[in-house]
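Q: Handing you this structure, nothing more for now.
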Amino acid sequence: MTSGVWAAPGRVNIIGEHTDYNDGYALPIAVPQVVTCTAVATGDGRARVSSRQHPGESVNVPITGLAEADVSGWARYPLGVVHEYLRRGHAVAGVTLELDGAVPVGAGLSSSAAVECAVAIALRDLFALPVADTDLIDIGRAAENTYVGAATGTLDQSASVLCTAGHALFLDFARGEHTQIPFDLAAAGLQLLVVDTNTPHQLVDGEYGKRRTECQEAAAALGVRALREVTDPAETDRIGDPVLRRRARHVVAENARVLAVLHTLRGRHDPREIGPILTAGHASLRDDFEISTPQLDAAVDTALAAGAHGARMVGGGFGGSVIALADAERTRHIAAAIATRFHAENFTAPRTLVAVPSAGARRIS
C-alpha cells in the first residue's frame, strides 16, 4: 500500500472527567465529526504535513530530525505521532500527510486526539506496522505528552480508536479494560445536545498539568498510589490541604458517578435517569475541580431551565463545550435559549450539534 485516506473521530464524554490519569473510569462516545488523513508513503526520508484548516502553513522536515525540529502549533500533533513511531523503532521511510478536520478545535471534543489517531492508524496501515489498537492509543498519548507538551491521559485517544457506533465506551484505566455499552438515545426519544461555547481551551497552558499534579499530591496524602483506590468521598476529608481535598473529592465522586450511569444503562433503565448525575458532575467540576467558566456555567444553567434532564461541561475545562441530555423535541428550544442568554451576557455566540454515538478510527478509502 502506498496511499490511502483514514479518519478518526472526536469524542464527548458522557461522564468521567479527569479520571483517566487517576486510574479511574470514564464513559465517552465518538461523535460523527472526524479528522481525515490522506497519507502517501514517499520513501525520501522526509515528513510533510499540511492542513486544510491551516492553508499556507505546510511543514517539510527530515524524519531523522523530528526530535529537534523547530515546529510549533498544530503541526506538532501529527509530527509527534511520526516521531513516536520512529522512537519505538518502527520503519517509516518518508511520508506526506494531508489533514482535514470537522471536529471543532478548542471545543473540548478532542480534536487533537482525532488528529493523532488518524495519523497513527494511517501510518500503521501504510507501512504494515505490527501495532495493536492499544499501541495506537499509547502512541497518540505519548505524542501529546512529550512532543506537544500536554500532560493528558489516554481517555481521548481510547475513545477515538475504540468507540463503536450506537455504543458508549466504558473505560477502566486501572485494568486497561474496555466494554461497549449500548447507548441508543433515539429509541428513548432523547438527544445529546453539544453546545460549543466558543471559548477555546488550551491544555498546554499549565492548568491541566497543575490539576494532574494536585491529584498526585492528594493521592500521596491519602497513602494510595492513585485516587482510584479511594471509593468513599468522605475519605478525602482526611486531607489537610483544602485545595487538594477538593481535587480528590471530585475524582472519587466522579468515579462513583460513572459507575452509577453504567448501572443505569446496563440495567436498561430510562436514560433520563442519568440526567441528575450529569448535573452533579458539573457542580463538582465547577466547585471542587475549579475548571469551569462563566460561559460553561451559563450554558448548563440555561439548558436545565429550558427543560434538559441534565447538563454538564465536558473536556479538560477552562472553556470548551457543554452537553445537555434532553427530549428530542426540546433540543432546538434549549439551543435557542442558550443563544439568547449568551447574547444578553455579551458572550461570543455558541455553536450546537447533536452527538450521535459513532464509529472509531478507520480507513475510509
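Quick note: the coordinates plus some simple rules give every number you see, no bench work behind them. Values in this document were obtained by computation on a predicted structure and should not be read as measured data. FYI the Cβ positions are ideal-geometry reconstructions off the backbone, even for glycines, and counts take in every protein chain you see.
Q: Summing Lys, Arg as +1 and Asp, Glu as -1, what charge do residues with Cβ under 15 Å from the Cβ of Gln157 carry, Gln157 excluded? It would help to have the intermediate numbers written out before the result.
A: Values: positive: Arg11, Arg124, Arg141, Arg362; negative: Asp20, Glu84, Glu116, Asp133, Asp135, Asp138, Glu144, Asp156.
So the surrounding residues net to -4.
Q: Using amide H atoms built in the peptide plane, which far-off residues or other-chain residues are under 5 Å from Gly310 H to H?
A: Leu325
Q: Using amide H atoms built 1.01 Å from N in the peptide plane, name the residues 5+ places from Ala359, or on other chains, whose amide H lies under 5 Å from its own.
A: Ala165
Q: I've got another one for you. Helix 207-222 against the longest principal axis of the chain: what's the angle in degrees, Cα atoms only, rounded to the nearest 10?
A: 60 degrees
Q: Can you compute the FRET efficiency between Asp270 and Asp301 using 1/(1 + (r/R0)^6), with r the Cβ-Cβ distance and R0 = 22 Å? Round to the nearest 0.05. The partial results should precede the final answer.
A: Values: r = 24 Å, r/R0 = 1.08.
Efficiency for this residue pair is about 0.40.
Q: Below 8 Å, C-alpha to C-alpha, sequence gap of six or more: please give me the relative contact order for the chain in percent.
A: Numbers: 833 pairs, mean separation 88.6, N = 365.
Rounded, it is 24 percent for the chain.
Q: Kindly give the semi-axes, whole Å and largest first, of the ellipsoid equivalent to the chain, taking each as the square root of 5 times a Cα gyration tensor eigenvalue. Display every interim value, and only then the final one.
A: Details: eigenvalues 221, 111, 76 Å².
For the chain, the semi-axes come out at 33, 24, 19 Å.
Q: Please identify every one of the trypsin sites (Lys or Arg not before Pro) in region 244-315 that sits in a loop by DSSP and has no more than 10 other beta carbons within 10 Å of its own beta carbon.
A: Details: sites: Arg245, Arg246, Arg247, Arg249, Arg257, Arg266, Arg268, Arg272, Arg286, Arg312; in loops: Arg268.
Within region 244-315, the qualifying trypsin sites (Lys or Arg not before Pro) (loop, at most 10 other Cβ atoms within 10 Å) are Arg268.
Q: Here is a follow-up. Of the candidates Asp23, Asp100, Asp135, which one comes out as most mobile in a Gaussian network treatment of the chain with C-alpha springs shorter than 10 Å?
A: The residue that fluctuates most here is Asp135.
Q: Sticking with this one: Given H placed 1.01 Å from N in the peptide plane, which residues other than close sequence neighbours of Ile15 have an amide H under 5 Å from its amide H?
A: Leu27
Q: Using only Cα atoms, locate the centre of region 13-34 and the centre of region 102-130, then give the distance between them in Å, rounded to an integer.
A: Taking the Cα centre of each part, region 13-34 and region 102-130 sit 16 Å apart.
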